[in-house]
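So the structure is just underneath, and the comments pick up after that.
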Amino acid sequence: MAELPWTYRPQWLPLEEAHALFELGWETWPWQQGSVILFGKEIPEPRRSFFQADPGLAYTYAKRRLTGQGWLPELDDLRTRVNQALGTRFNSVLVNAYRDGRDYMGYHQDHEPELGPHPHVASISLGASRDFLFKAVSNPKEVHRLHLQNGSLLHMIPPCQRTFKHALPKRLKCLSPRINLTFRELMP
Ligand SMILES: O=C(O)CCC(=O)C(=O)O
């Protein structure tokens, strides 16, 4: 079997730092409630989110155009450390907050044109552990499950976004909140 196109580091951030970042983020980051139009009705997304990037960059995601306005210092610092660890050039982050296991993200691929043909995506998790699923595009029966834990770093390596979809499914038994940060390189 071919090597799977991701690596997972369960305790990449020291636990104390992960905990402190979660608390800071939950209380002070500029969360927004997005919405989607479904059958003509506006429905709130099952999570809150916000986006940061270098000024001048833009990302069209879930039919929304997000523009870079600069960085909070703690997120800029994290981006630098992720880039040093992975040898990447991430210049944007999408941050999601899940209130509990009712919040989720459905199967999708991060393959918008502004990510270029071979996108790397890095994902840091804070707070509650949650299942994360990969489903092969060529064979929907091939599903891989990771359990993303507090302080972990998942690196999705090309061609991951072409060959697999990924999702954070509902988990009604999970009663605690979680934050996830996904770093991407946007082409100017
Ligand atoms: O919260 C997660 O772990 C998933 C986030 C994700 O898939 C994305 O931002 O594209």
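General remarks:
- Gaussian network model of the chain, springs between alpha carbon atoms under 10 Å - residue of S129, S152, S138 with greatest fluctuation: S138
- Magnitude of the charge dipole, region 56-188, Cβ model with Lys/Arg +1 and Asp/Glu -1, debye to 20: 540 debye
- Distance from region 42-59 to region 95-141 (C-alpha centre basis), Å: 15 Å
- Compared with the rule-of-thumb size 2.2 N^0.38 Å for a compact globular protein, region 56-170 has a Cα radius of gyration ratio of 1.09.
- Cβ-based charge dipole, region 63-103, positive-most Cα from Q84, L66, G101: L66
Bear in mind that the values in this text are calculations on the coordinates, not laboratory data. The shown structure was predicted, so the numbers you read here are calculated from the model rather than taken from an experiment. Cβ coordinates were reconstructed from backbone atoms using ideal geometry, including for glycine residues, and neighbour counts include every protein chain displayed.
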